[in-house]
Every structure is written in structure tokens, then in C-alpha cells.
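What follows is one structure encoded as C-alpha cells, with my remarks underneath.
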Amino acid sequence: MTKLIINGYRGRMGQALLECAAELPDLNVVGRVDAGDDLGAVIDQADAVIDFSFHEATLPTARLCAERGKALVIGTTGHDESVRVQIAACSSSIPMVWASNFSTGVNTLFWLTRKAAEVLDEGFDLEVIEMHHRLKRDAPSGTAATLLEILRDVRHRGRDVVRHGREGIVGQRTNEEIGMHSLRGGDVVGDHTVMFAADGERVELTHKASSRNTFANGALKAARWAVGKNAGLYDMQDVLGLK
């Protein structure tokens, strides 16, 4: 039996995690915390903490997990680079699964995006489009940022090539740029498309989520997998055996 604490249980993902965990007999949620609650008061009861809170809460959560020797699964997004480095440093003490998206389908999209970018040469222009519900606070989404990093890595591009939307007389598209477009509206759970466009043809890889339970079940799988692993920084590609 894996004992879990859900950090950020009042949010949409927190509620999905509680709902899905209740259906899994090998998981036991021993603690629910959110803003204003004391994680330290309950953390010793758990094997792992799943963090879907707010980006400002992730670093203190990671430090507490490292101090108490608890596995940590992070699904929160929106951290700046300096904070990301500090969070990642905690993985020297504990197993940490940090992913921008816990869906099996999205992680397959990550894998396919890398393969497509390796096959489709410089003649293909790269664009990333994502859409989420009107209440999402950060843009682009963490998943879209991961897709962008995959494309940059394969094409050996720096951060300066990213074009966040276009407005006015911006001139013709350069061969080096990668477009990033964030759409917000309604109750969309999460849509992501990677477009490879060349003269005479276009390849589009798309994933559409209609339920947060796909992400919740993936995060629960990650927590179960992380308990007992060696200290280190992992992602869902590790959990799913895609590396």
C-alpha cells in the first residue's frame, strides 16, 4: 500500500487525484493539504507527496520532502528558471518525478515529436499551438514548453528563436524561428499541436484531453513508481519506460 499526500487538493487536479485514488485499492491518501495548511504536520505519515499546488509552494514542498526523505511528484508549472534549479537540487536526496504532463498520450506525443523533428529536415517550419480553459494562469502551458524544448534540442536552437504569437508587420517567417501560440477559452482541459510545415506538405501531431483523470492517473502511477527508487530527477518518460 502506497501512502500519499495531495498538495493542492482543492484545485481541479487535486480533486481529480482524490477521485482517481479512491478507485485504486493499492493507494491510500493519508493527507490533503492546500494553501494555509501545514504539510509538515502530516508528511511523516506518507511515502510520497504529489504537488499540484501553485508555483510558489513547490520549492518549500520539495525542501521538506528532501528533509523528511519522501518521494515527490511535481505537476505544478509556472516556475522561473532560478526556482527550477533549486527545486531540482532537492532530487539529490529523494526520488523526484517532475513532468509537465502526466498523460500517457501526451508523453507519447513528446516521443513522436522528437522522432518527427529528427526525420523532417530544416525545410519544415515548426509551430506549437496549445489551448486551455479560461482560468489557467500561466502561458504557454508546461506541456507546450516541453514540446518547444524538444524541438529546440533537435534543431540545436537557442531561446531567442521562439516567436510568441505575431502581430503587425513582422516580416516574413525566418527559417530558424519556432512559433508558440497560447489560446484560452471555455473549459478546455488541454489541447496541444505540433506543426511541421513545408512547401507542399504539412505534418501535424495533436493530443486532446477531455478529462483531467488522464493526468491524475498518470501522476498516481508516477508516485507508486517513485517510492523506493534511488534519489534522482525523473520524468514520465522514465515512469513509462520510453527512454
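Each reported figure results from applying straightforward, stated rules to the coordinates on display, with no laboratory input. Values in this document were obtained by computation on a predicted structure and should not be read as measured data. Heads up, the Cβs are rebuilt from the backbone with ideal geometry, glycines too, and the neighbour counts pull from every protein chain shown.
What whole-number distance in Å separates the alpha-carbon centres of the range 204-235 and the range 1-29?
Taking the Cα centre of the range 1-29 as reference, the centre of the range 204-235 is 13 Å away.
Local charge sum around residue 108 (other residues, Cβ-Cβ under 12 Å, Lys/Arg +1, Asp/Glu -1)? Intermediate results must be reported in sequence, preceding the final value.
Working: positive: 114, 115; negative: none.
With Lys, Arg at +1 and Asp, Glu at -1, the net is +2.
Treating the beta-carbon of each Lys and Arg as +1 and of each Asp and Glu as -1, no other charges, what is the dipole magnitude of the chain about its Cα centre, to the nearest 20 debye? It would help to have the intermediate numbers written out before the result.
Numbers: 28 positive and 33 negative charges, 86 e Å.
It comes to approximately 420 debye.
Using +1 at the C-beta of Lys and Arg and -1 at the C-beta of Asp and Glu, which of 46, 62, 35 has the Cα lying farthest in the positive direction of the dipole of the range 28-125?
Value computed over the given set: 46.
Once phi is turned into ³J(HN,Hα) by the Karplus curve 6.51 cos²θ - 1.76 cosθ + 1.60 with θ = phi - 60°, what whole-Hz value does each residue of the range 226-243 show in order, with x for glycine and proline?
Calculated HN-Hα couplings, in order: 6, 4, x, 6, 5, 4, x, 9, 10, 9, 5, 5, 5, 4, 8, x, 8, 9 Hz.
Let me make sure I get this right: for the range 1-145, a, b and c are the square roots of the gyration tensor eigenvalues over alpha carbons, sorted descending. Under 1.5 in a/c it's rounded, otherwise prolate if a/b > b/c, else oblate. Which is it?
Details: a/c = 1.91, a/b = 1.75, b/c = 1.09.
Here the range 1-145 falls in the prolate category.
Show me 142-153, 27-38 ranked by packing, highest mean number of other Cβ atoms within 10 Å first. Don't skip to the end; give the middle numbers.
Numbers: 142-153: 20.9, 27-38: 15.6.
Ranking, from highest mean packing down: 142-153, 27-38.
As a footprinting exposure proxy, order 182, 53 by other Cβ within 10 Å, with the fewest listed first. Please list the in-between numbers first.
Values: 182 17, 53 24.
Going from sparsest to densest Cβ surroundings: 182, 53.
Taking amide hydrogens as modeled 1.01 Å from N in the peptide plane, which residues meet the under 5 Å criterion relative to residue 198, leaving out close sequence neighbours?
125, 203
Distance cut-off 26 Å, Cα to Cα: go down the list 3/136; 70/208; 136/243; 3/115; 70/243 and report the pairs above it. Provide the component values of the computation, followed by the final result.
Numbers: 3/136 29 Å; 70/208 33 Å; 136/243 30 Å; 3/115 37 Å; 70/243 24 Å.
From 3/136; 70/208; 136/243; 3/115; 70/243, over 26 Å: 3/136; 70/208; 136/243; 3/115.
Out of residues 5 or more away from residue 29 or on other chains, whose amide H comes under 5 Å of its own, with H placed 1.01 Å from N in the peptide plane?
Amide H neighbours of residue 29, under 5 Å, 5+ apart: 4.
With all distinct Cα pairs included, what does the Kirkwood hydrodynamic radius of the range 104-209 come out to in Å, to one decimal, could you say? Could you put the intermediate results ahead of the total?
Numbers: mean 1/r = 0.0704 Å⁻¹.
Hydrodynamic radius (Kirkwood, Cα pairs) of the range 104-209 is 14.2 Å.
What fraction of the DSSP beta bridges in the chain is antiparallel, stated in percent and rounded to the nearest 5? Before the final figure, lay out the partial values.
Working: 16 of 46 bridges.
Looking only at bridges with both residues in the chain, the antiparallel portion is about 35 percent.
What do you get for the angle between helix 104-119 and the principal long axis of the chain? Use alpha-carbon atoms, 0 to 90 degrees, nearest ten.
Rounded to the nearest ten degrees, it is 30.
Per Stokes-Einstein, at 37 °C and 0.692 mPa s, what whole-number D in µm² s⁻¹ belongs to the chain, with the Kirkwood radius over Cα pairs as the hydrodynamic radius? Before the final figure, lay out the partial values.
Numbers: Rh = 18.8 Å.
Taking Rh from Cα pairs, D becomes 175 µm²/s.
Rounded to whole Hz and in sequence order, give me ³J(HN,Hα) for the range 42-52 from the Karplus expression 6.51 cos²θ - 1.76 cosθ + 1.60, θ = phi - 60°, writing x for Gly and Pro.
Result, rounded to whole Hz: 10, 4, 5, 7, 10, 8, 8, 10, 10, 9, 10.
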